[in-house]
1. What is the magnitude of the charge dipole of region A:13-53 about its Cα centre, with +1 placed on the Cβ of each Lys and Arg, -1 on the Cβ of each Asp and Glu, and no other charges, expressed in debye to the nearest 20?
2. Within the set of other residues whose C-beta is less than 14 Å from the C-beta of B:Pro7, count the net charge using Lys and Arg as +1 and Asp and Glu as -1.
3. Out of region A:38-115, which GluC sites (Glu not before Pro) are coil in DSSP terms and have no more than 10 other C-beta atoms within 10 Å?
4. Farthest toward the dipole's positive end in region A:6-115, which of A:Met33, A:His71, A:Ser9, given Cβ charges of +1 (Lys, Arg) and -1 (Asp, Glu) about the Cα centre?
5. Please label the shape of region A:38-115 as rounded, prolate or oblate, based on the square roots a ≥ b ≥ c of the eigenvalues of the alpha-carbon gyration tensor (a/c under 1.5 means rounded; beyond that, a/b larger than b/c means prolate, else oblate).
6. Out of the chymotrypsin sites (Phe, Trp or Tyr not before Pro) in region B:6-63, which ones are loop residues according to DSSP with at most 14 other C-beta atoms within 10 Å?
Amino acid sequence: GAVVSQHPSWVICKSGTSVKIECRSLDFQATTMFWYRQFPKQSLMLMATSNEGSKATYEQGVEKDKFLINHASLTLSTLTVTSAHPEDSSFYICSARGGQSDGYTFGSGTRLTVV
Amino acid sequence: AQRVTQPEKLLSVFKGAPVELKCNYSYSGSPELFWYVQYSRQRLQLLLRHISRESIKGFTADLNKGETSFHLKKPFAQEEDSAMYYCAPSANAGGTSYGKLTFGQGTILTVHP
């Protein structure tokens, strides 16, 4: 079945540094990937839609200069949290549509802690 | 505005009892509807989608366009059904399949022995 690999699974960084999170579709091509953010005990909030070969589409209220998305190939999208601050600490999840079920397949998530 | 509501944050039942997790949506057009499940310490998994009309792990969900609801049901709950359940509509993007998927608040189902 369709598999989405997300890396790293957790990361701790210092305030002011940047962190890159990778999302790969392992056995299918994904022209579109999605990035979500999840706060503790809350639902997933869609941040942006990542489109292969073009600019990402950000949801209202999400800073595009803060959360840089690159979707350079049909199997890889990256989310870079730039100049991270403690309030950026969260659980980030990517997903892609495709594969056999044609549903949305989710990565295992990345726990970001900014200290 | 597009909105999905899961009115129950917590739902507890005993093993063998019927369970219904409610979902109401407010979407323009004809969204595609999904239920996703997240078991403890695992990633989100697709449970079912309305267009396939299949039953997974004994769960079914019927789309009621009149009531704009997509409630998830199971006649006999099992302990292993304990998890977080999300109702998630996807807006149809110009006829393609790659619309945005947004999530309800989620319902934590606990099935007691």
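Any read-out appearing in this document is the output of simple, stated calculations on the displayed coordinates, not a laboratory observation. Keep in mind it's a predicted model, so treat the numbers as computed, not measured. Glycine gets a Cβ as well: all are built from the backbone with ideal geometry, and neighbour counts include every protein chain shown.
1. Values: 5 positive and 3 negative charges, 63 e Å.
The dipole of region A:13-53 has a size of about 300 debye.
2. After counting each charged neighbour, the total is 0.
3. Filter output for region A:38-115: A:Glu63.
4. The one lying farthest along the dipole's positive direction is A:Ser9.
5. It is oblate, given that a/c is not under 1.5 and a/b is not larger than b/c.
6. Values: sites: B:Phe14, B:Tyr25, B:Tyr27, B:Phe34, B:Trp35, B:Tyr36, B:Tyr39, B:Phe59; in loops: B:Tyr27, B:Tyr39.
Sparse-neighbourhood loop chymotrypsin sites (Phe, Trp or Tyr not before Pro): B:Tyr39.
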